[in-house]
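The values are calculated or read from the model by the stated rules, or taken from the named source; none is laboratory data. Just so you know, these numbers come straight off a predicted model, no measurement behind them. We place every Cβ from the backbone using ideal geometry, glycine too, and count neighbours over all the protein chains shown.
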C-alpha cells in the first residue's frame, strides 16, 4: 500500500464554518445547495468527545449554551451504549454474553439496526464485524492512545466474511434483544456517529427553536431554519479547525438541508514496521482499503446516507465513482496526489483556499 504523509487527529472532516438547514427534504437526491456567500455569524462551540471533534452551530446565539449541554449529554449516552473501547459499554456487555439474547437500550438497538442496514445495502462493504480485524491491525483503543509507530505485523489476507459475520448478528429491535455470535465484535463507529449527528440536529432544532448544525468529525447534519444564504461548510482534504486556514485541497459550499460526510484514509493512520495502516477496512481482505481515494465527501438527504456512500466509495476504490453515480448523491473524491473528481450535482468551486 502507498503511504501518505503521517497525520494525526480525528477523521478528515467536512468542517463547519460559523455562518450562513431546514429539516432534510423528503425528495430523493442530494440536498439543496445554496451559493456560498457571506452571511450573519451564528454562534458556534467546539470540543472533543468520542475520539473526534464535536462542533455545534446555532442561528440564535442565546441558545448556544443550552445546545451544548443537550448535545454533550446525547453524545455521552451514545458513548456509554456503543463504544467498542469501554469495558462498561452496553456493546461490550453484549459481546461478553455472546450467543445469548441481551436486553439493550433503544439507543444501542437503533445503532445496531443502522449498522446492519448499511451492511445490507452495500453488499457487506460496510461490515460492522470488522472490529476484530481493526484490533489485530493495532486499532484496539481510542485513537489518541494508539501507538503511532510499532513493530512489523504479519499482514495476511483474511476476509471478515470467512467466519460469523454481520448476517449472523440477531436483533429484535421491537423487543430490544441483541444476540452477538461468539467470536464476533462490532464496530458501530462510522454509522452510529453519522446517525447521531442526524438525530441530534433534529432534536436540538426542536428544543432550541432555531437552526442547528451538528458536526461529529467528518459527519455534518443540519436542521431547523437555515441562516440566510445557507450553512457554509468547508470541505477539506486534511483535518483542521474551520477557523484556521485549510491545508491541501478545500472548497466552501453552502447547504440548506440534509447532510454532508467526508471519509478518508489520511487522518486515522499508524505505522507498523514499514506499513502505514488506516482505519477503513475492506471486509473482503481484512486489510485497510487500497489508497485509491484519500478522501471522499458526499452530499445526501441525511448525514447517515452521506456517510454510507462516502465510506463505501473508499472501500470500492476505482469502482467507487460508478457506484456513487447510482446512489442519487453528489460527491467529491480526492486522489492521494490531490486530484479532484466530482460525481453528480456537486457544487462548483464557488470558493477555494
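Kindly establish whether residue 268 is closer than 20 Å to residue 128 by Cα, crowded, with 22+ Cβ neighbours inside 10 Å and modelled with pLDDT of 95 or more. Steps first, answer last, please.
Details: closer than 20 Å to residue 128 by Cα: yes; crowded, with 22+ Cβ neighbours inside 10 Å: yes; modelled with pLDDT of 95 or more: no.
So residue 268 fails the test.
Where in region 71-142 are there helices (runs of 4 or more DSSP H), lying fully within it, with 1 or more residues that are modelled with pLDDT of 95 or more and within 21 Å of residue 308 (Cβ to Cβ)? Quick ask: steps written out before the conclusion?
Working: elements: 90-96, 106-121, 131-137.
In region 71-142, 90-96, 106-121 are the helices (runs of 4 or more DSSP H) which contain 1 or more residues that are modelled with pLDDT of 95 or more and within 21 Å of residue 308 (Cβ to Cβ).
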Can you find a residue that is surrounded by 21 or more Cβ atoms within 10 Å (Cβ to Cβ), in contact with a strand residue (DSSP E or B) (Cβ under 8 Å, 6 or more places away or on another chain) and more than 17 Å from residue 194 (Cα to Cα) anywhere in region 44-54? no
Being touching a strand residue (DSSP E or B) at 6+ places or on another chain (Cβ under 6 Å) and at pLDDT below 95 is the filter; apply it to region 220-230 and report the residue that is nearest to residue 69 (Cα to Cα). 230
Check region 206-216 and report whether any residue there is in a loop (DSSP other than H, G, I, E, B), modelled with pLDDT of 85 or more, closer than 29 Å to residue 112 by Cα and in contact with a helix residue (DSSP H, G or I) (Cβ under 6 Å, 6 or more places away or on another chain). no
Residues that are surrounded by 24 or more Cβ atoms within 10 Å (Cβ to Cβ) and under 22 Å from the mean Cα position of the chain (by Cα): does region 177-185 have at least one? no
Mind checking which residues of region 343-353 are surrounded by 15 or more Cβ atoms within 10 Å (Cβ to Cβ), farther than 16 Å from residue 263 by Cβ and at pLDDT 90 or above? 344
